[in-house]
Structure formats: C-alpha cells, structure tokens
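Asks: This is the structure I have questions about; it appears just below.
The values are calculated or read from the model by the stated rules, or taken from the named source; none is laboratory data. Since this is a predicted model, take the numbers as computed values, not measurements. Heads up, the Cβs are rebuilt from the backbone with ideal geometry, glycines too, and the neighbour counts pull from every protein chain shown.
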Amino acid sequence: MHCPVCGNDHISDAQDLLSRKHEIFTPCPDCNHRIQNKAGPPDDSSPPPCHCGRVFIDDVYVRLYRLLVDEGIFFGDEPLSAIGTPLIDPGIYLRFPPFLPPRTLLLISSVFDEDAAHRAYHEIDQVSGILNQSLIPPGIGDRQDNAPPVCSEQQVLCGCDVRADLFPTSKGPVVVYKKQGAAHIEFPHGFDPKIRSVEAAIKKVHPSLFVDACSGVGTLGIAGGILGVHHIMLNDPWYAAAFFSAFNMQVNKKALSLDECTFSTDFSHLAREKVREEPLLVAEGYGAENRIEVFQGRMELLYSQIHDPSVLTVFDPFDKKQFRQNQSFFSNWEHSVGGEVFIP
Ligand SMILES: [Zn+2]
Ligand SMILES: [Zn+2]
C-alpha cells in the first residue's frame, strides 16, 4: 500500500504484517553481530552487512556513529547512546534486540542536522527516517483559557516517519500506523493494560456502540471492533490522530469485518486545519453487521453524533491526572450521551 504522507510503497495491510511478524527481525543462519557498550564510544570492529540484508541494531548504530564523526558532529568520545532513540518499524514486542532489514529504523535524535540525516538515509539502508527530537511532546498542548492551543510536531530530517506498532488483543493483534513526529510514543511491551481494560469493560457492558473519544491513532477503538462491538466511533481533535484512526480502520479492515472503507478527505487536506472544534467526518467503514465512523473534532462536541443509549465510552487523554479532575466534563458527558464511561 502507498503511504498517505510520502506516497511511497512502504505500508502493509494488517494480515501481511502479522504473517511476517516472527521473521522480520530474526537473523538468518549467516547473520553476525557484536553487542556494543552503549555507555561509551563504540568498539571499532563491526561485522559487514549480511547477504540477507539484515544488520544487528548495534552495528547500525556504529555506522551512524562513524558518519557523525565524519560529519564533524561527534568528536569520537561521545557514548553510542548519544545518537538517539531507535523505534523499529513495525514495533513488535521482542525478547532479543532486532536484526534490522532495510528501512525499518526510525531514529529520534537531537544531534543530526539535515545534511548528516540525508547521508545516513542514503548510506545506511536500515534507516527509514530521522526525526529531530524536540522537548515538547507532539500533538495538542495545553489550552490557556480561551487562547488557541499550542501544537507541535517533530521535524522529519530525512525519509518518512510513518511507522506501525502491533498491539495484542485476545482476538488477535491490532496494527496501528502513525506519523511518529505527530504522535506520542506508545511501544508494545507484550502486555497492554489499556487494551485489557477495554476488553474487561466490553465484556461487562456489552455495548452496541463503543466510542473512543480521544482516540489518538485509534488503538483502543479498533481493538473494540476486533473484540466484537458492531458499531465503533473514533474521534480526535488533532488532524494526524484523526487521519491515522481512519487509515488504521482500513489497515485492519479484515479483522474488523468491514467490506468497504470510504474517506471524505485525505491527509494533506486535514493538515490544513490541525485542530478542529465541530466534528468533521473523516471516514466510514461498513460491513454486513459492522460500522465504524471516524471524526476529527473536540470531544466535548461529539455528543451531537451519538444516538445510541447502549454506549460505552473510553477516554484516554494524554494527561490523565488533569483529566480526572475534570468532573464537569464527565457529568456533561453522562447527561448528554449517557451509557458507561471509563478511563483505561
Ligand atoms: Zn511514508
Ligand atoms: Zn543474515
């Protein structure tokens, strides 16, 4: 599938990714590797790339390190870990460090400039992209009174920052793509307490409608569909979250028993209005028994789209502590929407 952001063919549907997930980062019998001490400069010897195309993650880091020294950015006494944070694509819970096939490493780094990043992308096959690390988390920041919220994204220095994560549910994994520079990091750890809490709530309530009211890229709402709720509503005020909620509905189409997904807009159109108040329908999916709707809008205004008393709503805000104190929001929601509401 083509990437909705860069247009290149680096997206797989959920079935395809799941069928390959055990072999993607596993070495072939000829793969060599050398574990490096991350707290100091790297050891000079690292094995050459294997004919299978995979390179052990530490050896990719050694090559990045040498490139940074060559560019005059590093002096050679920095620790290996100073390069930045690696995110593999797809993000899968692994028991051993990965052997990386081409274009499977997105690096979040504060040391690369654009020239060094372009060199890294062209000279080191494993690099899929480099993001410029910023101190502010990506997405919508705090709203001060009635001022418009401050939004931030990490700059893509090279390649593309769209990548997938795989999260397990009891009915099979959910695959979620995201534009990483516009999303929070949520890496799979083999056990996801939020998904467990969604499973428990669905088992208890048996809703006919499950609403993921600040959906991020749609993980919990799509998990609800995979777990068997027939009508799902996803919503987020942030354009990149709403778009990827819709995109992930399409990626997981089969597991969601959908026959058709229709988009009312595309990524570049949504990006023109990064934060939206009134709900805008981004996409819909239909199957014989199932329906999914995805909106971009402020969650306080989503009630106008909800007309089912058998509703279960999950709120998964970034700042949970602040959100829990927002009692007026909960009482308004219970009054205007009803049903059961929970924070995972
Ligand atoms: Zn892309
Ligand atoms: Zn190999």
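Asks: Which number in (1) within 16 Å of ligand 1 (Cβ to nearest atom); (2) in contact (Cβ under 8 Å) with a residue 60 or more places away in the chain marks the one condition that GLY129 misses?
Replies: (2)
Asks: Evaluate the following for ASP58: is it among the acidic types (Asp, Glu) and either crowded, with 21+ Cβ neighbours inside 10 Å or away from ligand 2 (no atom under 14 Å from the Cβ) (or both)?
Replies: Judged against the criteria, ASP58 is a match.
Asks: Within the range 107-207, which strands (runs of 3 or more DSSP E) (wholly inside it) include 3 or more residues that are farther than 30 Å from LEU256 by Cβ?
Replies: Answer list for the range 107-207: 127-132.
Asks: Among the residues of the range 1-22, write down those that are more than 16 Å from ligand 1 (Cβ to nearest atom) and in a loop (DSSP other than H, G, I, E, B).
Replies: LYS21, HIS22
Asks: Which numbered condition trips up CYS3, out of (1) modelled with pLDDT of 95 or more; (2) closer than 22 Å to ALA255 by Cα; (3) assigned by TED's automatic domain parsing to the domain that holds PHE96?
Replies: Among (1) modelled with pLDDT of 95 or more; (2) closer than 22 Å to ALA255 by Cα; (3) assigned by TED's automatic domain parsing to the domain that holds PHE96, CYS3 violates only (3).
Asks: Please pick out the residue among SER12, SER110 that is away from ligand 2 (no atom under 16 Å from the Cβ) and either among the charged types (D, E, K, R) or touching a residue at least 60 places away in the same chain (Cβ under 8 Å) (or both).
Replies: After applying the criteria, what remains is SER12.
Asks: Oh, and also: Within 16 Å of ligand 1 (Cβ to nearest atom), assigned by TED's automatic domain parsing to the domain that holds SER152 and at pLDDT 95 or above: does that describe PRO98?
Replies: Answer is no for this residue.
Asks: Could you tell me how many of the residues in the range 67-77 are touching a residue at least 12 places away in the same chain (Cβ under 8 Å) and out of contact with any helix residue (DSSP H, G or I) (no Cβ under 8 Å at 6 or more places or on another chain)?
Replies: Residues meeting the conditions: 1.
Asks: Can we say GLY7 is within 16 Å of ligand 2 (Cβ to nearest atom) and among the small types (Gly, Ala, Ser)?
Replies: no
Asks: Look through LEU64, LEU94, LEU68 and report the one residue that is out of contact with any Pro (no Cβ under 8 Å at 6 or more places or on another chain), of a type outside the set (Ser, Thr, Tyr) and under 14 Å from GLN126 (Cβ atoms).
Replies: Answer to the check: LEU64.
Asks: Among (1) part of a helix (DSSP H, G or I); (2) touching a Pro at 6+ places or on another chain (Cβ under 6 Å); (3) at pLDDT 95 or above; (4) of a type in the set (A, V, I, L, M, F, W, C), where does PHE25 come up short?
Replies: Of (1) part of a helix (DSSP H, G or I); (2) touching a Pro at 6+ places or on another chain (Cβ under 6 Å); (3) at pLDDT 95 or above; (4) of a type in the set (A, V, I, L, M, F, W, C), only one is false for PHE25: (1).
Asks: Counting only residues that are more than 25 Å from LYS194 (Cα to Cα) and not in a loop (DSSP other than H, G, I, E, B), which one in the range 283-304 is modelled with the lowest pLDDT?
Replies: Restricting to residues being more than 25 Å from LYS194 (Cα to Cα) and not in a loop (DSSP other than H, G, I, E, B), the top hit is SER304.
Asks: Scan the range 69-87 and give yes if some residue there is touching a His at 6+ places or on another chain (Cβ under 7 Å) and either within 28 Å of LEU166 (Cβ to Cβ) or within 16 Å of ligand 1 (Cβ to nearest atom) (or both), otherwise no.
Replies: Within the range 69-87 (the criterion being touching a His at 6+ places or on another chain (Cβ under 7 Å) and either within 28 Å of LEU166 (Cβ to Cβ) or within 16 Å of ligand 1 (Cβ to nearest atom) (or both)), the answer is no, since none of the residues qualifies.
Asks: Restricting attention to the range 217-248, which residues are in a loop (DSSP other than H, G, I, E, B) and either at pLDDT 95 or above or of a type in the set (Phe, Trp, Tyr) (or both)?
Replies: Answer for the range 217-248, where residues must be in a loop (DSSP other than H, G, I, E, B) and either at pLDDT 95 or above or of a type in the set (Phe, Trp, Tyr) (or both): VAL217, GLY218, LEU227, GLY228, VAL229, HIS230.
Asks: Here's a check for you: in the range 15-55, which residue that is surrounded by fewer than 18 Cβ atoms within 10 Å (Cβ to Cβ) and β-branched (Val, Ile, Thr) is nearest to ligand 2 (Cβ to nearest atom)?
Replies: Selected residue: THR26.
Asks: Could you check the range 152-185 and list, in sequence order, the residues that are surrounded by fewer than 17 Cβ atoms within 10 Å (Cβ to Cβ) and over 18 Å from ALA255 (Cβ atoms)?
Replies: If the condition is that a residue be surrounded by fewer than 17 Cβ atoms within 10 Å (Cβ to Cβ) and over 18 Å from ALA255 (Cβ atoms), then SER152, GLN155, HIS184, ILE185 are the ones that fit.
Asks: Going by the conditions given, is GLU277 in contact with a His (Cβ under 6 Å, 6 or more places away or on another chain), assigned by TED's automatic domain parsing to the domain that holds ASN235 and not small (Gly, Ala, Ser)?
Replies: Criteria not met by GLU277.
Asks: So which of PRO90, PRO102 ends up being closer than 23 Å to CYS3 by Cα and surrounded by fewer than 19 Cβ atoms within 10 Å (Cβ to Cβ)?
Replies: Answer to the selection: PRO102.
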